[in-house]
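Beneath this line is the structure, given in structure tokens, with notes to follow.
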Amino acid sequence: LSAKTNIEIFPDFKDNVEVIIVDSTSEDNTKEICYTYINQYPNNISYFQQDAVDFSKAKNIAIKNAVGKFIAFLEPHDYFSKNTLQNVLKFVKNHDKADLIAVPIFFIDNNKKVPYLKYKIKNTEEINLLDEPQYSQLLGLSTFFRNDSIKNIEFLNTENENIAFSFTIVWKLSTSVV
């Protein structure tokens, strides 16, 4: 798991983190790596396999099976920084009403980890997207979503499924504010 996602197993992992892997015809040893960790953390890690590469379907499988309070999506070649889960957990403990939490992510480009949309996230500042919508990520990959806010929403099978999904969530949240 650490090698594949850069997620570190930390002391609160067992009580606070759920990892769902939806493998879509990977050609590496993803399944074997996952089951190594599933054997160690059977209540925290789930593995699903699908027959074709369909990121929208994979994310919808994850939404359907997620039971945690927040959910984030990583695609192949995307990584969180090592402390992301710990930092998100700390943030949630202090901001229990947050619906979206944006974090920097990295992707692999020519065998190097490159920041993705990092220019929109300055240090650890907190931003209310209703007040400052220009900071919205519009790319679900760098966002933790409150699970109960997305249960009835699916990723569309389109080229820009992350943008469409994120827009739908932000729209839903902004129209539900009184």
TODO: Can you pull a Stokes-Einstein diffusion coefficient for region 65-117 at 37 °C (0.692 mPa s), Rh from Kirkwood over Cα pairs, as a whole number of µm²/s?
DONE: 262 µm²/s
TODO: Please tell me which of these pairs span more than 28 angstrom C-alpha to C-alpha: 59/113; 14/172; 57/93?
DONE: 14/172; 57/93
Task: Accessible heavy-atom area order of 32, 161, 27, highest first, probe of 1.4 Å - done: 27, 32, 161
Task: Kirkwood Rh (inverse of mean 1/r, distinct Cα pairs), region 15-97, angstrom - done: 14.0 Å
Task: Accessible carbon and sulfur surface of region 1-110 relative to its total accessible area, %, 1.4 Å - done: 48 percent
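The values are calculated or read from the model by the stated rules, or taken from the named source; none is laboratory data. Values in this document were obtained by computation on a predicted structure and should not be read as measured data. We work out accessible area using only protein heavy atoms, side chains counted, and drop any ligands, DNA or RNA first. Shrake-Rupley method; radii C 1.70, N 1.55, O 1.52, S 1.80 Å.
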